[in-house]
Structures are given as C-alpha cells and as structure tokens.
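To keep things clear, I will list the structure first and then write my remarks on it.
The values are calculated or read from the model by the stated rules, or taken from the named source; none is laboratory data. Keep in mind it's a predicted model, so treat the numbers as computed, not measured. FYI the Cβ positions are ideal-geometry reconstructions off the backbone, even for glycines, and counts take in every protein chain you see.
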Amino acid sequence: MNDNGQSRPSRHDPVTIACPACGRSFPPVGRQRWCSDACRSLGYRRRKHAATPPVVIATPTPRRPHTVYECDACGSRALGEQRCECGTFARRVGIGGCCPECDAPVAVEELVGPDLTVLR
C-alpha cells in the first residue's frame, strides 16, 4: 500500500504481461508466464519442434551413366549404354568408367577384386 491507501503491484512483476504464445495481455499469478494451459502446450510444442532440424533427403543420382555393360553375343563393352551395337541387350558388369590409358570401359570390381567392392 502507498500513502494514499492504494495497492501497488510488486516491483518485480508488471501488472499485466503478454502471453508468449498468443500475445494477449493477462495478469500473472505468481510466476505464471502463459495465459492458459493451451498456450503453455503450444509454447512447449514450438520449442521442441524448433530444436529438431528438418530432414533433408539427397536427390538420387542415376547409376546407369556409371555402369559398364557387356554384350554376351559379341563381347563388346559400353559405359552407360545397355543396348549393344548388334541390337541385343547387354548384361551389367558393374559400376565403373573408362580406362585412362586405353579408353575402354572397365568395372571397379575388375580393378580391386570382388572382395573390396563397395557399390553393387
């Protein structure tokens, strides 16, 4: 009470505070921060969902351009081309690329051995 007989609010708490969830002003009781249980639940959900980053899924890359194919009919190899020049479909040998020396398609499995192959 002050000298005029009027009650004053506590020095530490304002008369009304704004709810962090909805922004509505309300008179706090004790250490109350939220105007209602619904706003308190909403604040909890916002804090928990803000802490987890969104899941980012990498875009899949096609394996066909890096796959070595070999024709069973004529024995020729191609990189990224499943249909042979003779018109038949070639079988997949594995992931690979062109040899830097002879420019022929070579599978990784042929270079490192079948036990060390990671990509299949």
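With the requirement that a residue be surrounded by 14 or more Cβ atoms within 10 Å (Cβ to Cβ), more than 31 Å from the chain's Cα centre (by Cα) and either part of a loop (DSSP other than H, G, I, E, B) or not hydroxyl-bearing (Ser, Thr, Tyr) (or both), what does region 61-75 give you?
Glu70, Cys71
Just to be sure I understand, how many residues within region 29-44 are of a type in the set (Phe, Trp, Tyr) and surrounded by 13 or more Cβ atoms within 10 Å (Cβ to Cβ)?
Within region 29-44, the first condition is being of a type in the set (Phe, Trp, Tyr), and the residues that meet it are 34, 44.
When the remaining residues are screened for being surrounded by 13 or more Cβ atoms within 10 Å (Cβ to Cβ), the result is 34.
Result for region 29-44: 1.
Can you confirm whether Asp3 is of a type in the set (Asp, Glu) and at pLDDT 90 or above?
Considered against the rule, which asks whether it is of a type in the set (Asp, Glu) and at pLDDT 90 or above, Asp3 comes out as no.
Condition test on Arg45, is it in contact with a strand residue (DSSP E or B) (Cβ under 8 Å, 6 or more places away or on another chain) and among the basic types (Lys, Arg)?
no
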